[in-house]
Every structure is written in C-alpha cells, then in structure tokens.
Amino acid sequence: MRRLLSILLALATALSPVGTPVLSARQPVHAKHGMVVSRETHATDAGVAVLESGGNAIDAAVTVALALGVTHPAAGNIGGGGFMLIRLANGTSTFIDFRERAPASASRNMYIDPATGKATNESVVGYRASGIPGTVRGMELAHSKYGKKPWKELVEPAVKLAAEGFPVSYGYAQSLQGKGTMDRLSKFPESKRIFLRDGKPYEMGEIFKQPDLARTLARIRDNGAKDFYEGETARLFAADMAAHGGDITLDDLRGYKAIERKPVEGSYKGYGVITSPPPSSGGIGILQMMGMLEGTNYEKAGAGSATALHYEAEVMRRYFADRSEYLGDPDFFKVPMTALLNPKYIASRRESIDPAKATPSESLRPGVLAPYESNETTHYSIVDSEGNAVSVTYTLNAFFGSGVTPTGLGFLLNDEMDDFAADPGHPNMFGLLQGESNAIAPHKTPLSSMSPTIITKDGKLYLVVGAPGGPTIINQVFETILNVLDFGMNMQQAVDQPRIHHQWMPDSLSVESTVSPDTIELLKQKGHVVRLTNSIGDIAAIRLDGQWLEGAADGRTEATAKGY
Ligand code: GLY
C-alpha cells in the first residue's frame, strides 16, 4: 500500500492533476552572446553573471548547479547526481556521468521484506534510499577539464545565496505546503527544522537563509570536492548515516568517481542528434523513437492533431517496452545499443504501428533484437559567446529526495536507489517496469531517464534541450525537438505546445488538458486510454537561430531564460 502511495505521489509530481490550463503565449528570450535557462531565477542570474564576466558555459554550469542546490532544494542539489552533456565550440562533444552509485553493501534484494516477499518503502524515503551523491565530483571533473575561471569564484555565488538568503518565490512556498512534501520532510527533524522552519513553512517573499549549507559550500569552495568525499563534510555525512541505519560509508564516499563517457550520436532528417548514453535510457529512446517516425509522414497531419499524437504515443509505447528489458548500467550489463538502433529493427517496430488503432501494451513485448553486439529532477541549458553548449539534468529523484538532511550539513539526500529495479518485474516509484538489467548491485549506477540532448544543423550548434520529470523526460525532450524540426515552431512555441506521455506500462496515455477535447475524443476512438493531466514536465531549451540565441523557459513552472 505504501509503495502504491509513493507511485501515485511520484506520478503526481511528474504529471500534475487537471485544473487550470497552463499554456502560455510568450516570445522566446533573445540574446546575442550567452544564455542560461534554469528552473530558478537567482540561479539563472548567477549563471549569466559568470558568462558576462568571461566564464565559459562549463563555468556557468558549475555555478548554476551549486546555486540551484540552494534556491531550488526540491531538485537542485549537492546530495544527488546527474548528467552533463557538453558540446564545445570546436564541434567535439562529451558526457559527464555524475549519477549516484549504489554503496558497497548494496544487494539485489536489499529492499525486499523477507516476511512478505514484497519491496518496502526504504528505497524511496529515509537514510537507506540514497545512492552515493555525485554532483560535487561531477562539477569538479567538468571544471578541471573544460572550465576557465577559478573554482572558488564559481562556488562563491552559492555560498552567498545560502548565507545571505533569497526571497522565497510563490511556487517554492506552495511546494513546501503540499501534503506530500510536509509529510516527507517532517519525518526527519533536521529537514523539518531547515526546510519547514519547524512546522511554519516560509511564505512568498520571506528570506530563506541556510547557514549549515553555507558552511558546507564554503568548505567545498575552499577545499574542492575533496571536502565532500574525504574531508569534514564526508566525515559528518558518514557518521550521520551510521547513526541512522544508512548504508553509505566513508569508503563509499572516498571511492566515488564521476565518469566521462562518449555521447550517443545519430541523425534525424539531416539534423545531428547528440544525446545521453547509458546509464541514461533517454538518448537511445530519443533516437529509436525518431527512427520509428521517420518516413511515416505523421507531421503532415499537423502539430497537436490526433494523427500526429497517435504516432508519437505509439513510438513511445514501443520504446518503453524495450527500455524495460534492455537498458541498465553499461559497466554491469551489456546494453545492446547497436541492435536497439539498428535501422532494420526500427523499421520492424514502425511496421507494427496501426495508423488507426492503439496497440494494447499487453500485446506488445520488448522487441526481439539481433544477437547482442561484440544501457524530481531539474534541467538547465547554457550557451556561451564562443559557442560552447552545456545541457545538464541532475536530480534528487523524488521531490525533496529521500527527505533526509544529514545533521549539520544543510543539504537534502537523494532517493535514487528507487531508480533501480528494487523488486525486478514490479513497478518502481514512477510505475516503470524494469528487469534484471537494472537490478541492484554494489557500485552499480541506477538506470536513468535523464536525457540532456543537443541538436546540430549543418554541423553547427542548433538546439540545447532537457527536462526533469522521471520517465516523462525522454518524451518531453523528444516532443520538443519534433516541434521545432517537424512543425517549424520557434523555441518558446515548442516548449509551450501541449505534451503527451506514454511509457508502455501502465497502458494509459497522459495528455495535457490543453489538448482540444475533439482531439482527445479522436485519440479515445483509436483505442487510447486517455488520462488528462494539468502539466507534463519542464523543458529548458535554447535554439541558435542565425545570429540570435533563442531561450525558452517553461511556463509550466517558475523557470527563467536570461541572456546578454
Ligand atoms: N531520477 C529520475 C531519473 O533519473 O530518471
């Protein structure tokens, strides 16, 4: 029952219930030199200030990550992890995997209650839910290889925001007062004290200061990532874990490494697609879904038409079936990437789409591949004046993560262990079915849907895009790219366009309530089980339109796009 409640809570976070429509009609933000789009305005400002003072996009990305950890504590973090996709002005690309890893003591059935044989809630809430955080190491790796400015200068804005505080926004105040958040944070005295002000949550406009976090960030500023993984912060963290039955030890922290990987690359209708490799399931998904659409002429029916949405839903359904079986940490499981992206295989999946009827998910299994060849969140996008582009998605998993704040450290911990198949074959927090490829093992990385992506046109930077929202991320990124490439929208229109989401199981099509009622009726007539939702996700995107950077923050949240 508790597990069912947490699935509903997670879906409610990624898909908000029907109420007032959220669609806005705005112009994109235009700038000539540099642009930052992020979920919170102080973090966006801090990133733009780095660019204006001569920092590059990687420098700005470090500042925005640490600032969001202060001003957007529901998802911005130093207690979680994520992915950074970089495309340098010289045309080369790289991917920094700073996702959380399972502690050394982790095991396949660590969340199964021996008495019932069922998974407990421990992968979702509390000290045992966290993987080893990677954000600080990831930022350090990105900075040391690709940054320009001194580390201390890049960390300082976050220290200042934590020490001096910032005015709480309407959205942040609302999020604190939600029942799910109150319940989660109230379980842990340190989280209740800091984030709920001991039961009197901050109102809009009040100044939120975080002195514990300011001290932690100041140590990271002065001593680098070493403090978080081996120094004072690491010692306090490990001691608090041990005192509360958590699994992460000092050795786990010391051993944590961010990994530089090669992005997955492909093309769609002549555009280059540079995207996220395993342990993200997003890049392979985006390329496979694009491949299934290519040649269907689905776009001729028009953006938002029932025909176009039907095709999009059918390719989503097919990819998510494959995701359940074939994706996992590539260092532990041989992800059949070539087979999943094989044009013949993709064509066979395309041929199984009925233009008139939804394929019931029950009748659709993961595809039969050629033999294996010899893998609550926030996103920000940055482009600098040299043409370097950075797309970062990082996360605590659930809204406010595991709910735990280690004593005296001031930052929330992730509950990323739930992104593993805590109980293979049974749905996780997002209702995703996952198999042995994503079973828990020591030092393993949980499979992710985070999908930072970059599109090129004629070999030049064109689009930088990404989103939070669990499994909806893959589809949000996919749909936003289609809106620009196939439907000719500008960046803001592409972000504002109503979204849908299908993930194979459960067999229902989430549809934003701004989709017209007659389109919804047509989708139902095709056999889709439609579930209306107020909003899906939160895209942060930048398009390079000729000389101009065109930034688009998502009107579904308080995100901002700013440039200079
Ligand atoms: N925690 C959400 C994801 O990585 O997909």
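The values are calculated or read from the model by the stated rules, or taken from the named source; none is laboratory data. What you are looking at is a predicted structure, and each value in this text was computed from that prediction instead of being measured. Cβ placement follows ideal geometry from the backbone for every residue including glycine, while neighbour counts extend to all protein chains displayed. The area values use the complete protein model at the heavy-atom level, side chains included, leaving out ligands, DNA and RNA. Shrake-Rupley method; radii C 1.70, N 1.55, O 1.52, S 1.80 Å.
Check segment 182-199 and report whether any residue there is within 16 Å of the ligand (Cβ to nearest atom) and part of a helix (DSSP H, G or I). The answer is yes; a qualifying residue exists.
Checking the stated criteria, Arg543 turns out not to satisfy the condition of being in a strand (DSSP E or B) and surrounded by fewer than 20 Cβ atoms within 10 Å (Cβ to Cβ). Closer than 30 Å to Thr63 by Cβ and of a type in the set (D, E, K, R) - does that describe any residue in segment 359-373? No, that holds for no residue. As a summary of the residue check, Ser361 satisfies the conditions (1) under 22 Å from Pro427 (Cα atoms); (2) of a type in the set (Gly, Ala, Ser); (3) touching a Pro at 6+ places or on another chain (Cβ under 7 Å) except for the one numbered (3).
If only one of Lys334, Lys344 is assigned to a helix (DSSP H, G or I) and either among the hydroxyl-bearing types (Ser, Thr, Tyr) or open to solvent by 10 Å² or more (accessible area, probe 1.4 Å) (or both), which one is it?
After ruling out the rest, the residue left standing is Lys344.
Of all residues in segment 328-356, those that are over 29 Å from Ala422 (Cβ atoms) have Cβ atoms under 7 Å from Cβ atoms of residues that are surrounded by fewer than 16 Cβ atoms within 10 Å (Cβ to Cβ), 6 or more apart or on another chain, in Thr338/Glu373; Asn342/Ala370; Tyr345/Ala370.
Across segment 112-163, what is the number of residues that are β-branched (Val, Ile, Thr) and under 30 Å from Ile207 (Cβ atoms)? Number of matching residues: 5.
If you check Ala10 against the conditions, is it buried (at least 24 other Cβ atoms within 10 Å of the Cβ), modelled with pLDDT under 95 and out of contact with any strand residue (DSSP E or B) (no Cβ under 9 Å at 6 or more places or on another chain)? In short, yes.
Would you mind stating whether Leu409 is at pLDDT 95 or above and either surrounded by 21 or more Cβ atoms within 10 Å (Cβ to Cβ) or more than 16 Å from the ligand (Cβ to nearest atom) (or both)?
Considered against the rule, which asks whether it is at pLDDT 95 or above and either surrounded by 21 or more Cβ atoms within 10 Å (Cβ to Cβ) or more than 16 Å from the ligand (Cβ to nearest atom) (or both), Leu409 comes out as yes.
None of Ala541, Ala467 is modelled with pLDDT of 95 or more, within 16 Å of the ligand (Cβ to nearest atom), touching a strand residue (DSSP E or B) at 6+ places or on another chain (Cβ under 6 Å) and not charged (D, E, K, R) except Ala467. Being more than 30 Å from Gly246 (Cα to Cα), within 16 Å of the ligand (Cβ to nearest atom) and under 16 Å from the mean Cα position of the chain (by Cα): is that true of Tyr380 here? Spelling it out, Tyr380 is indeed more than 30 Å from Gly246 (Cα to Cα), within 16 Å of the ligand (Cβ to nearest atom) and under 16 Å from the mean Cα position of the chain (by Cα). Does Thr307 satisfy the condition of being β-branched (Val, Ile, Thr), modelled with pLDDT of 95 or more, open to solvent by 10 Å² or more (accessible area, probe 1.4 Å) and closer than 18 Å to Lys269 by Cβ? No: the conditions fail for Thr307.
For segment 413-429, residues that are away from the ligand (no atom under 11 Å from the Cβ) and either of a type in the set (Lys, Arg) or open to solvent by 10 Å² or more (accessible area, probe 1.4 Å) (or both) total 5. Taking the listed residues Pro355, Pro366, Pro360, the one that is at pLDDT below 90, surrounded by fewer than 24 Cβ atoms within 10 Å (Cβ to Cβ), away from the ligand (no atom under 16 Å from the Cβ) and over 14 Å from the mean Cα position of the chain (by Cα) is Pro366, with no other qualifying. Whether any residue in segment 74-87 is more than 18 Å from the chain's Cα centre (by Cα) and either open to solvent by less than 10 Å² (accessible area, probe 1.4 Å) or more than 14 Å from the ligand (Cβ to nearest atom) (or both) is what I want to check. Within segment 74-87 (the criterion being more than 18 Å from the chain's Cα centre (by Cα) and either open to solvent by less than 10 Å² (accessible area, probe 1.4 Å) or more than 14 Å from the ligand (Cβ to nearest atom) (or both)), the answer is yes, since at least one residue qualifies. Scanning segment 430-445 for residues that are assigned to a loop (DSSP other than H, G, I, E, B), closer than 9 Å to Gly328 by Cβ and within 15 Å of the ligand (Cβ to nearest atom) yields Gln434, Lys444, Thr445.
Within segment 384-399, identify whether any single residue is of a type in the set (Val, Ile, Thr) and more than 20 Å from the chain's Cα centre (by Cα), and answer yes or no. Within segment 384-399 (the criterion being of a type in the set (Val, Ile, Thr) and more than 20 Å from the chain's Cα centre (by Cα)), the answer is no, since none of the residues qualifies. Highlighted here are the strands (runs of 3 or more DSSP E) found entirely within segment 223-309 that include at least 1 residues which are of a type in the set (D, E, K, R): 259-261, 264-268. Of the residues making up segment 161-175, those that are closer than 16 Å to Arg39 by Cα and not in a loop (DSSP other than H, G, I, E, B) are Leu161, Phe166, Pro167, Tyr170, Gly171, Tyr172, Ala173, Gln174, Ser175.
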